[in-house]
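The values are calculated or read from the model by the stated rules, or taken from the named source; none is laboratory data. Predicted model only: the values in this text are computed from it and were never measured. A quick note on method: Cβ atoms are made from the backbone with ideal geometry, for glycine too, and the neighbour counts reach across all protein chains shown.
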Amino acid sequence: MKILKAHSNATIEKRSLNSLFANIIQFTVQILQSIILVPVLLHYWGDEKYGVWLAVFSFFTLLQTFDAGHQTYVGNEFNKYFHIDKLKAKEILGSSIRACLIIGLFELIILTLIIVFNFTPSFVGITAESSKDLGVEWGLISIMLVWILSGNVGGVLVRIILPLGMMSRSIYLGTILKVIQILILLLSGILRLSIFEACLYTALSSLFYSYGLFIYIRYLMPDFYPWWSGGNWKTGFLNLKRSTVLTFTNLLEQFSNSGLILVITNFLNAAFVPVFTTIRTLGNTALQGTGMILNPLYPDMVRYHATNEPKKLLNLFEVNWLVTGFVVNSAFILSLLFIEPLYTWWTKGLLKFDLALYSLIVSSVVISNFSKGFNVYLASINHLRALTVITTSKFTVIALFGISLISLLNLRSLGLALLLSEIVALYFSFRFTKMTLNKCGEDFNYFILNLNFIALAVTLIVFIFNYFNLFDRLVLTLTGIILLLFIYLKLFNLLSQLVKNRIFNLLHLNF
């Protein structure tokens, strides 16, 4: 089969560098999105209408989750067979298009039932009259129909170029759509458009983008077109069935993201949503940044697992802890010196900074960052049991503490719930990764592991001491940074010479 191979022979370092550069651009766009959109929409729409928009998009994201598990599973299967049996890969792809139709119909039925039984106003935290005036129902219908017509299939197609070493191209494609949607939302705010109009124009932009994407992927991989050929309903339904575990775990995972916004609108009101999302954005920005380093390693994790090279997997974990750990932990400690005035400037003083909520969310993020490598690895090898246990435990903790304490602690209950859920998730993700490595005859270097745990503890202690005002903030910050420098320099010295050489090679490629 004739397939373009622009990046298929690139080294790991070069592929990682290309993906890193693409991720930097994507990350920059996401930062600009937050910096620009939040003050603009708060100014022109107000906190309640902006909160309604966030709730609508969160609800839409939850519905999209029914596709996410199938897309991930099919993408992993396609990646597995692409280099050894292209006919099988083509069958997987063709069958997945049929499964997309089933999922789309299911999502449409759910949305119809919600609208028919008038559940939409309670979901977004406003009255039925306000929901009608803003066009919430028609807005949801417009973005959902476009997603069913193109988005769910596009989510599968964008994954089939990954085996060609085109991770960076897939990132660029997603970034283009993000830029278009940012511009549309900016205009929607400035022109004071309704929620329906904002959803409609966002949906139309996605539709045109998707069909442009289809043309591009057809050009890259002509022998796989038409994508629906070579497949069958039996294989499509079987893979859909197998992916239900991933779908279930994704739904539970999304509850800790988009679902919490709906919890706020139901138990508090839409005006509380911008406070929570802005402070959480400050924390989650770090995870988006570290994703620039970790996500390009995803195909290599699959390969090292498939070829039974656990030592190389351990090297990936150690490098990830060193780089992302130092960047995230030190950045958060330094943020204590400027975060409150930065937040006031960012929101134009329209929202009040909550130090307790910020401290809780940051603590959850640094723990999540530590366990992220485990989770990416377990997801890349389709370890369904592990993913189910991890996400179910997180969902249970968030639902138990977040909802039960929200009347007492308001938004801080959600921050506490997120922190506790990440602690539980870290335990299970580490346990399942350890069991998988043990089956391959390897185990962690516990001296290196414990040093990373100490760095994590230093970061958490700094935030605890700062919240209770136990030391001068400047002294506390400098002490935390010095301790982290000492720990991470020690961790760098403990890396094997081979791993150090690969890091230096990556830097050489960069400069």
*With the condition kept exactly as written, say whether any residue in region 467-475 is in contact (Cβ under 8 Å) with a residue 12 or more places away in the chain, buried (at least 17 other Cβ atoms within 10 Å of the Cβ) and either out of contact with any strand residue (DSSP E or B) (no Cβ under 6 Å at 6 or more places or on another chain) or farther than 19 Å from Thr388 by Cα (or both).*
no
*Determine the pairs where a residue that is without any contact (Cβ under 8 Å) to a residue 12 or more places away in the chain, located within region 97-110, has a partner that is among the basic types (Lys, Arg) with Cβ atoms under 6 Å apart, the partner being 6 or more residues away or on another chain.*
none
*What about Phe428, is it outside any helix (DSSP H, G or I) and either farther than 23 Å from Lys311 by Cα or within 25 Å of the chain's Cα centre (by Cα) (or both)?*
no
*Select from region 153-172 the residues that are part of a loop (DSSP other than H, G, I, E, B), modelled with pLDDT of 70 or more and not hydrophobic (A, V, I, L, M, F, W, C) and list them in ascending order.*
Arg159
*Output the number of residues of region 130-183 satisfying the condition of being in contact with a Gly (Cβ under 7 Å, 6 or more places away or on another chain) and among the acidic types (Asp, Glu).*
0
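So that you can scan it fast, the table gives a plain yes or no per residue for (1) closer than 24 Å to Ile381 by Cα; (2) of a type in the set (D, E, K, R); (3) part of a helix (DSSP H, G or I); (4) modelled with pLDDT of 85 or more:
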position	(1), (2), (3), (4)
Gly46	no, no, yes, yes
Val56	no, no, yes, yes
Gln71	yes, no, yes, yes
Tyr81	yes, no, yes, no
Ile126	no, no, no, no
Ser142	no, no, yes, yes
*Could you check Met221 against (1) under 19 Å from Leu162 (Cβ atoms); (2) in contact with a Leu (Cβ under 6 Å, 6 or more places away or on another chain) and say which number it fails?*
(2)
_Matching residues, region 92-106, being farther than 13 Å from Val74 by Cβ and surrounded by 19 or more Cβ atoms within 10 Å (Cβ to Cβ)_ = Gly104
*asked:* Show the residue pairs meeting these rules: Cβ distance below 8 Å; 6+ apart or different chains; first residue within region 425-447 and within 15 Å of Gly373 (Cα to Cα); second residue outside any helix (DSSP H, G or I).
replied: Phe432/His383; Lys434/Asp443; Lys434/Phe444; Thr436/Ile381; Thr436/His383; Leu437/Asp443; Leu437/Phe444
*Could you give every pair whose Cβ atoms fall below 8 Å, whose first residue belongs to region 133-156 and is over 28 Å from Tyr216 (Cβ atoms), and whose second residue is of a type in the set (Gly, Ala, Ser) and at pLDDT below 90, counting only separations of at least 6 or pairs across chains?*
Glu137/Ser131
_Take Phe428 and tell me if it is touching a helix residue (DSSP H, G or I) at 6+ places or on another chain (Cβ under 9 Å) and of a type outside the set (Val, Ile, Thr)._
yes
*Test: residue in region 428-439 that is crowded, with 19+ Cβ neighbours inside 10 Å, out of contact with any strand residue (DSSP E or B) (no Cβ under 9 Å at 6 or more places or on another chain) and among the small types (Gly, Ala, Ser)*: yes
*Confirm whether Asn445 is surrounded by fewer than 20 Cβ atoms within 10 Å (Cβ to Cβ), of a type in the set (S, T, N, Q) and over 25 Å from Pro310 (Cβ atoms).*
no
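To keep it simple, each residue is scored yes or no on (1) at pLDDT 85 or above; (2) assigned to a helix (DSSP H, G or I).
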{"residue": "Leu186", "(1), (2)": "yes, yes"}
{"residue": "Gly189", "(1), (2)": "yes, yes"}
{"residue": "Leu193", "(1), (2)": "yes, no"}
{"residue": "Ala203", "(1), (2)": "yes, yes"}
{"residue": "Ser206", "(1), (2)": "yes, yes"}
{"residue": "Ser210", "(1), (2)": "yes, yes"}
{"residue": "Gly231", "(1), (2)": "no, no"}
{"residue": "Gly236", "(1), (2)": "yes, yes"}
